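Participant: The structure's right below; bear with me while I get my questions together.
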Amino acid sequence: PADTEALGRSTWTFLHTTAAYYPVSAPTSTQTQMRNLLSSLSLLYPCVPCAEDFQEKVKENPPDVSGREGLSRWLCERHNEVNEKLGKESFDCAWKSLNERWKDGPED
Ligand code: FAD
């Protein structure tokens, strides 16, 4: 679609922000909900080539839904795979960088 870029930016914002506020250690029921969210997203994402690639990547690397840090890193790595495919710069997946970008902002 014409708005693949805006859709992507909004979806990544939703996903990384949701991970930044995900429980530090997630109960089993929450882990199931997150696994379902990611699996549904990979099936329903309204950019078909994006969705097909994402399904493949999720198959190769099952989501780490154990807690905030693992989920944030997992999403960062999947996002970097798309960045690489599109020739965009890779993001530093260290916890500090993810936290600064998606939750607390830089320390002052
Ligand atoms: P985006 O890539 O949207 O990133 C937004 C912001 O996130 C960046 O400004 C940066 O601050 C931050 N960021 C960047 N990388 C990371 C990271 N690794 N971890 C955490 N934060 C980060 N587009 C296609 O053309 N083809 C595809 O196959 C494709 N597949 C996609 C699959 C999924 C699941 C999603 C959600 C999007 C996909 N997109 C795809 C869209 C693409 O990833 C971008 O969203 C779009 O190109 C706009 O890019 P952007 O440069 O504005 O920044």
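Participant: Averaged across orientations, what area in nm² does the convex hull of the alpha carbons in the chain project? Write out the running numbers ahead of the final one.
Facilitator: Details: hull surface 28.1 nm².
Averaging across all directions leaves 7.0 nm² for the Cα convex hull.
Participant: Now, a different point. Show me the three semi-axes of the equivalent ellipsoid for region 1-63, from the C-alpha gyration tensor (sqrt of 5 times each eigenvalue), largest first, rounded to whole Å.
Facilitator: So the three semi-axes of region 1-63 are 22, 15, 9 Å.
Participant: Helix-only mean residue ellipticity at 222 nm, the chain, DSSP H runs n ≥ 4 weighted -39,500 (n - 2.57), per residue, nearest 500. What is it? Don't jump to the answer; show the numbers that get you there.
Facilitator: Numbers: 5 runs with 73 residues, N = 108.
It lands at -22000 deg cm²/dmol.
Participant: Just how large is the dipole of region 4-102 about the Cα centre, in debye to the nearest 20, putting +1 at every Lys and Arg Cβ and -1 at every Asp and Glu Cβ? Walk me through the intermediate numbers first.
Facilitator: Numbers: 11 positive and 13 negative charges, 56 e Å.
Using Cβ point charges on Lys, Arg, Asp and Glu, region 4-102 gives about 260 debye.
Participant: Can you compute the FRET efficiency between Glu52 and Phe91 using 1/(1 + (r/R0)^6), with r the Cβ-Cβ distance and R0 = 25 Å? Round to the nearest 0.05.
Facilitator: For R0 = 25 Å, the calculated efficiency reads 0.65.
Participant: Hey, if you put +1 on the Cβ of every Lys and Arg and -1 on every Asp and Glu Cβ in the chain, which of Trp12, Phe91, Tyr45 ends up farthest toward the positive end of that dipole?
Facilitator: Of the listed residues, the answer is Tyr45.
Participant: Further question: Place a +1 charge on the Cβ of each Lys and Arg in region 57-108 and a -1 charge on the Cβ of each Asp and Glu, then give the dipole magnitude about the Cα centre in debye, rounded to the nearest 20.
Facilitator: Numbers: 10 positive and 12 negative charges, 63 e Å.
For this selection, approximately 300 debye.
Participant: Work out which helices of the chain, taken as complete DSSP H runs, extend at least 20 Å along their axis over the Cα atoms and score a mean Kyte-Doolittle of 0.0 or more, then list them. Walk me through the numbers before you get to the answer.
Facilitator: Working: long enough: 4-20 (24 Å, -0.06); 28-44 (24 Å, 0.04); 68-85 (26 Å, -1.63).
Within the chain the helices that satisfy the rule are 28-44.
FYI, it's all coordinate maths here, none of it is from the lab. Owing to the predicted nature of the structure, the values given are computational and were not obtained by experimental measurement. As a convention, Cβ positions derive from the backbone with ideal geometry for all residues, glycine included, and neighbour counts pool all protein chains shown.
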